[in-house]
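One structure is given below, encoded as structure tokens.
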Amino acid sequence: MAHRKKRAGLLTVASVLAALPVPAAAHAAGPSTHWASWLGSTTTATPATTLAQVRSIIGADTGAAAALTGKGVGVALIDTGVAPVPGLPASRIVNGPDLSFESQAAGLRYLDTYGHGTHMAGIIVGNDTATGTKGLAPDAKLTSIKVGTANGTVDVSQVIAAVDWVVKHRNDDPLNPIRVLNLSYGSGGTPQEYNDSLGFAVEKAWQAGIVVVAAAGNDGNAAGNLANPASDEWILTVGASATNGTVATTDDTLTAFTNLPSSGKQINVLTPGTSVVSLRDNGSNVDITYPGARVGDTLFKGSGTSQAAAVASAAVALLVQAKPSATPDQIKDWVVKSATYLPTGTAAQLGLKELNVSNALARSGTAVSAQTFNRSTGAGTLDSARGSSRVMYDNAPLAGQRSVWGALPTINWAKSSAAGTSWSGGLWMGYRVAGDGWTGTSFAAKTWEAAAWADSKPWSGASSWSDTSWAGRSWSGRSWSGGSWSGRSWSSDDWSSASWS
């Protein structure tokens, strides 16, 4: 993946919104050569799955579950930002710090130029009154921490910083404390579990009372491993089920694009992930690239373990609303052990089950033993967490113990993260990456302020991000102000992302 051109320490709109590539297709099976994908898989056209159908499939529309809306629960979304589209109430959205390369362009800051984060947000808290499309936890408070750009570009260090920030600021809103963290992305790295830095970050979130939900990956059933951090034993790992156009679970199957491991941790639970209809980000990368996925003027179809993870995150928010004193271990146990076995195919052979909120509520009186998995030390290399694809700086790949902002010895970071001191105001590990508090401005109800990054030449003594430029676009109200994405290619790996069909 490539990154944005850097001049005098700042990214301009023209340089940031540049040469947008057509995302590479993710195949139904086979290994991915890409470090991370905001996990949506290319599939042939399948029947649309509405959020009303999803609600029924996961048992959120019956019994006590039917009255749950996620009220009082905060959900953190580490993704590509969210756009102020119709159907995404500003009162339900909070913008945490923008840690993406686009944060340095005022016209792009916090906004979803890719289209992915908006789709996830719609699944969780959307409310499109024009079409009656409502998210699965519409009264939850969603905090967006943007890390990805218009083609999804991101380094693992940005994601780690985002997870740290969520843990540090989980109680900033006492009426809606963050209890759920959605990670619909995955690294292709296969680090050692005992010292994985990304695993350490999500484990710290789990220990802080946050249910971490991670997408299994879209490299296919023959992948041989789960995406990282879905491979971490502690957290809730979600694969995608194919609904086959019905609300019955008896014909649901494991999707061919979902990662399956050859050993170690297995997927914890499945949720619907084929042609899920959520909010359209008009003029974004995926909107222009996949016009056939549009559903009317405001909606869009997407398939992948990303969508499945967002469904699971919303379901967890409902359970936390019902059982606010529950621990992440309890929520995970109730979700996994109450899920519905799928009767056919690979899912049946492996004993994989589909999440059911009503069943989980019924089980919530059952005692749960605390998980006892070994914990990561966090001291492993960032390269092992990154995998094979790297961001580029003057054609030199980011490598070694370096974040995008500068040197990052993980053994030092792990100590700071464990102590809750990796963030101080807008400084992360001593680097200025954001402003110091909730004084930023955007469409959302509350926004963390921005800051200029230092031109620190973070690796190889290089001087500029490897990027080309397009003519520059600005956000104008609720849609892009005309024109189309240029569809040029980056100088490094594309995203294996997303299928919108």
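On a C-alpha basis, how far is the centre of region 121-178 from the centre of region 62-94 in Å? Whole number, if you could?
Value for the Cα centre distance between the two parts: 8 Å.
Excluding ALA370 itself, calculate the net charge of residues whose Cβ lies under 10 Å from the Cβ of ALA370, where each Lys or Arg counts +1 and each Asp or Glu counts -1. Could the numbers behind the result be given before it?
Details: positive: none; negative: ASP329, ASP333.
Result for the neighbourhood of ALA370: -2.
So what J values fall out for region 126-131 if you push phi through Karplus, 6.51 cos²θ - 1.76 cosθ + 1.60 with θ = phi - 60°, rounded to Hz, Gly and Pro as x?
Couplings: x, 7, 8, 5, 5, 10 Hz.
Neighbour counts of other C-beta atoms within 10 Å: give me SER100, SER325, SER417 arranged from fewest to most.
Details: SER100 33, SER325 7, SER417 24.
The order, fewest Cβ neighbours first, is SER325, SER417, SER100.
Given labels modelled 7 Å from the Cα in the Cβ direction, how far is it in nm from ASN171 to VAL295?
Computed distance between label sites ASN171 and VAL295 equals 4.0 nm.
For THR143, what residues show an amide H to amide H distance below 5 Å, using hydrogens built from the backbone and excluding near sequence neighbours?
Sorted by chain and number, the residues that satisfy this are VAL75, ALA76, LEU77, VAL94.
Express the relative contact order of region 13-466 as a whole percentage, based on alpha carbon pairs under 8 Å and six or more residues apart in sequence.
Numbers: 1189 pairs, mean separation 98.1, N = 454.
The normalised contact order for region 13-466 reaches 22 percent.
Taking the Cα centre of each part, how many Å lie between region 183-198 and region 239-273?
Cα centroid to Cα centroid, the span is 21 Å.
Which whole-Hz couplings ³J(HN,Hα) result when phi for each residue of region 236-245 is put into the Karplus expression 6.51 cos²θ - 1.76 cosθ + 1.60, θ = phi - 60°, listed in order with x for Gly and Pro?
After applying 6.51 cos²θ - 1.76 cosθ + 1.60, I find 8, 9, 10, x, 9, 9, 8, 8, 6, x Hz.
What translational diffusion coefficient, in µm²/s and rounded to a whole number, does the Stokes-Einstein relation yield for region 13-466 at 37 °C and a viscosity of 0.692 mPa s, taking the hydrodynamic radius as the Kirkwood radius over Cα pairs?
Numbers: Rh = 21.3 Å.
Stokes-Einstein gives a translational diffusion coefficient of 154 µm²/s.
Give a quick list of trypsin sites (Lys or Arg not before Pro) in region 211-294 that DSSP marks as loop, anything other than H, G, I, E or B, with at most 12 other Cβ atoms within 10 Å.
On the way: sites: LYS265, ARG280, ARG294; in loops: LYS265, ARG280.
Taking region 211-294 and a limit of 12 other Cβ atoms within 10 Å, no loop trypsin sites (Lys or Arg not before Pro) are found.
Per-residue HN-Hα couplings for region 138-144, Karplus 6.51 cos²θ - 1.76 cosθ + 1.60 at θ = phi - 60°, whole Hz, x for Gly and Pro?
In residue order, the calculated couplings are x, 9, 5, 9, 9, 9, 8 Hz.
If I model a spin label as a point 7 Å beyond the Cα along the Cα-Cβ vector, how far apart are those points for ALA362 and THR62 in nm?
Distance between label points: 0.8 nm.
How much length, in nm to one decimal, is gained on full extension between ALA419 and THR250, taken as 0.36 nm per residue of separation minus their Cα-Cα distance? Display every interim value, and only then the final one.
Working: separation 169, 0.36 × 169 = 60.84 nm, distance 4.73 nm.
Additional length available on full extension: 56.1 nm.
Give the cross-link partners of LYS265 among the lysines, using a straight C-alpha distance below 26 Å as the criterion and excluding same-chain residues fewer than 8 apart.
By straight Cα distance, LYS265 reaches LYS204, LYS332, LYS337, LYS353.
Every number here is computed from the coordinates shown, using simple stated rules; none is lab data. What you are looking at is a predicted structure, and each value in this text was computed from that prediction instead of being measured. With ideal geometry, Cβ positions are generated from the backbone for all residues, glycine too; neighbour counts draw on all protein chains shown.
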